[in-house]
1. Among the numbered criteria (1) buried (at least 24 other Cβ atoms within 10 Å of the Cβ); (2) within 14 Å of chain B (Cβ to nearest Cβ); (3) touching a residue at least 60 places away in the same chain (Cβ under 8 Å), which single criterion is violated by A:Ala216?
2. Do the conditions hold for A:Asn450, that is, is it part of a loop (DSSP other than H, G, I, E, B) and either under 24 Å from A:Trp281 (Cβ atoms) or in contact with a Gly (Cβ under 9 Å, 6 or more places away or on another chain) (or both)?
3. Within the bounds of the stretch B:125-135, is there any residue that is out of contact with any Asp or Glu (no Cβ under 8 Å at 6 or more places or on another chain), at the interface with chain A (Cβ under 9 Å from one of its Cβ atoms), at pLDDT 85 or above and at negative phi?
4. Please verify whether the stretch B:145-154 includes one or more residues that are more than 7 Å from chain A (Cβ to nearest Cβ), at pLDDT 80 or above, over 25 Å from A:Thr193 (Cβ atoms) and not in a loop (DSSP other than H, G, I, E, B).
5. Checking the structure you have, find out if any residue of the stretch A:332-344 is more than 17 Å from the chain's Cα centre (by Cα) and of a type in the set (Lys, Arg).
6. Of all residues in the stretch A:113-150, which are over 23 Å from A:Met265 (Cα atoms) and aromatic (Phe, Trp, Tyr)?
7. In the stretch A:370-400, what residues are touching a Ser or Thr at 6+ places or on another chain (Cβ under 8 Å) and of a type in the set (Gly, Ala, Ser)?
8. Tell me the helices (runs of 4 or more DSSP H) entirely within the stretch A:297-397 that contain at least 1 residues that are small (Gly, Ala, Ser).
Amino acid sequence: MQEKLTAITGSMGYFLPEIAIVISLVLLLIAGLFNAGRLNKLYQVLALAFLAVTMVLVVGQWQEVGDLVRPLPLFNNMVQLTSVSVFWKMICVLGAFITVAMGFGNQDFKDKSSEYYLLAFGVLLGAHLLVMANNLLTIYLSIELLSITAYILTSFSFNAASKEAAVKYLLFGAAASGVMLFGMSWLYALTGTLTIDDVQFLDGLIKANALPFTLAAIMTLAGLLYKISAAPMHIWAPDVYTAAPTPVAAYFSIVPKLAGIGILMKWMMVINLFGSSPVNWTIVLATIAMISIGIGNFSALWQNNVKRLLAYSSIAHSGFLVAGLVAYSETAYKAILFYSAIYLLMNMAAFLFVNHAEKEWGYTKVEDYKGLINVQPLLGVALVIVMIALTGLPPTGGFTGKFLIFSALWDSYVESGNDWSLYLLIFGLMNTVIALFYYLKLPYYIIFKNAEQKPQKQLIFSLQNFIGFFLVVMILLSFFKPDSLMRIINSVSFAF
Amino acid sequence: MVVLIEIPFYIFSGLAILFAGVILFTKNLLYGAFSLVGTFLCVAAIYVLAQAEFVAVTQLMVYVGGIVVLLIFGVMLTNKITDKGIITSSYNRFLGAIIAISLFVVLFYGILKINFGAVKGQSADMNNVNQIGVELLTEYLLPFEIAAVVLLIALIGSSVISGYKTKETDE
């Protein structure tokens, strides 16, 4: 027992970002008790400051993990600190920072703003724990933390639609985590341990009968797929994205999704069982990726609401991220990291501008954006660039990301003769063409249509637009100079 | 000795299934809620027989004491016309039955194939509560703390959601 306690106190030093998040959560809660309703700018500034501190701590960890040879087990191997997890944590904190910078737009319910920022920290904590998790119990609890916070955040529009979306989200989510928990209980029955990188765990799974192993692994996978809104667990996404406040939708499309991809990468390495798995997971994943990309793109074609369109687009992007898992190699995993970083930039930029248009001019439909370029040339051009990036065309980072994923798929086809990689590659390329139709609908309206009623010219300089333009510049830079991001990703090691 | 434990085990499992069946087939929501109490009590008894006293007590306190009472209160308070119970109906019975039965067959067959030898059995004289307390604060300290944050968030969330007033009701 003494050594366990020593391990716990020893782990605290490597757990600073998470401790900082919990402290900020509590401080925001206390700050929210004073004069709610008038101090919401103060809460935003406080939240941004806390996130900046967290970011500094995470970057500090990045330097520490640089010389780690093996993953560092913390808290008796409940979580593990690796360079991959620190990379994901940086992305999550960045996503949270941009979301908080968007502010709490709901003017009628200003007194709820401290809770809003506090819940953003709750999601962030869940994401941090999820990407580090090394134990089924930690995985389950951090997914619950992510989900419960997400249900509450969904209802923050405080209207009938967002209540309905939150209840739908809750019901789907409860069912998904119930199925996942059932699968995990089977895994425990098969192995007698919950630590997923334990020799006993892997050994038990290799010795296990094929049928229970497959059922348990698929049930657990279902819960994770739900979190990244990949098909067939995607049904909640469009309603939730449309009804939730725009910053919250942006947050959902980045942080829980990428944290889910992070744990999925690890989970696939585990259930692949060093290649001795009775199930060919590439086929399962390739099917999931194809359905996600297909459903995302084809449903988006008919959408008129910009947020709904972005929701379907995020389902398609989950498909592309899962496609990287299909290739299953170190290059592919690095391609996923690159794609995720770019996805953060372009999706956040898209939501930033959409949020601005919605808050200032009340734009929600694609038609509303008619002739935006004549009134707000800078904003119009920026939105066009973002949409091109989301499609995956040069000269944007979106192209580089898709290119890396596709070339990883091609490599996996050439090297291991994996036919499904080829099918997925062809399917993905075809879908990129389909995606052109709906992504370019918005630029078409912005550039070629004339507005009937033009919004009044007004200054568009605000913190969130500044961040948006900065992200657009980053999207362009990541195409012309991807080296610096690649250098960061290359120093990540997938030692397991 | 083995038989002595097994007989009540099967009795309680049978009762649990019976009560669950009532929940499934009754149309009156209040009957369903009361059968839920029966199911939970039987499951608690099974936990006791499996020497998991702590889980059994938790089951009693959380489910029977909290959730079901809340459910029954909910049913009774929303049930304004006192002489009529809340009636629920089910749709797609045929399709639902097929899916449920096939799922049951697959899962049942899968469970039969599991070799439960991997799970270590605990000796009977071990003090369960004591051990859980020690483990929670050493081995499982982090999950314990995460659960604390989850509960805090849930508390804040419920107060936010229930505490908001729309403009109409404000005036």
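The values are calculated or read from the model by the stated rules, or taken from the named source; none is laboratory data. This one's a predicted model, so the numbers in the text were calculated from it and none came from an experiment. When we count neighbours, we look across all protein chains shown, and the Cβ atoms used for this are built from the backbone with ideal geometry, even at glycine.
1. All conditions pass for A:Ala216, except number (3).
2. On the way: part of a loop (DSSP other than H, G, I, E, B): yes; either under 24 Å from A:Trp281 (Cβ atoms) or in contact with a Gly (Cβ under 9 Å, 6 or more places away or on another chain) (or both): yes.
So A:Asn450 fits the description; yes.
3. The first filter runs over the stretch B:125-135 and keeps only residues out of contact with any Asp or Glu (no Cβ under 8 Å at 6 or more places or on another chain), leaving B:125-127, B:130-135.
Okay, now just the ones that are also at the interface with chain A (Cβ under 9 Å from one of its Cβ atoms), so B:134.
Narrowing further to those that are at pLDDT 85 or above: B:134.
Checking which are at negative phi leaves us with B:134.
Within the stretch B:125-135 (the criterion being out of contact with any Asp or Glu (no Cβ under 8 Å at 6 or more places or on another chain), at the interface with chain A (Cβ under 9 Å from one of its Cβ atoms), at pLDDT 85 or above and at negative phi), the answer is yes, since at least one residue qualifies.
4. Keep residues of the stretch B:145-154 that are more than 7 Å from chain A (Cβ to nearest Cβ), which gives B:145, B:148, B:151-152.
Of the ones still in play, those that are also at pLDDT 80 or above are B:145, B:148, B:151-152.
If we keep only those that are over 25 Å from A:Thr193 (Cβ atoms) too, we end up with B:151-152.
This time we only want the ones that are not in a loop (DSSP other than H, G, I, E, B), so: B:151-152.
Checking the stretch B:145-154: at least one residue is more than 7 Å from chain A (Cβ to nearest Cβ), at pLDDT 80 or above, over 25 Å from A:Thr193 (Cβ atoms) and not in a loop (DSSP other than H, G, I, E, B).
5. From the stretch A:332-344, those more than 17 Å from the chain's Cα centre (by Cα) are A:332; that's our starting set.
Add one more test, that the residue is of a type in the set (Lys, Arg), and what stays is none.
So far as the stretch A:332-344 goes, no, none of its residues is more than 17 Å from the chain's Cα centre (by Cα) and of a type in the set (Lys, Arg).
6. A:Tyr116, A:Tyr117, A:Phe121, listed by residue number.
7. A:Ala389, A:Gly392, A:Gly397, A:Gly398, listed by residue number.
8. Numbers: elements: A:306-327, A:330-361, A:372-375, A:377-391.
Helices (runs of 4 or more DSSP H) meeting the threshold: A:306-327, A:330-361, A:377-391.
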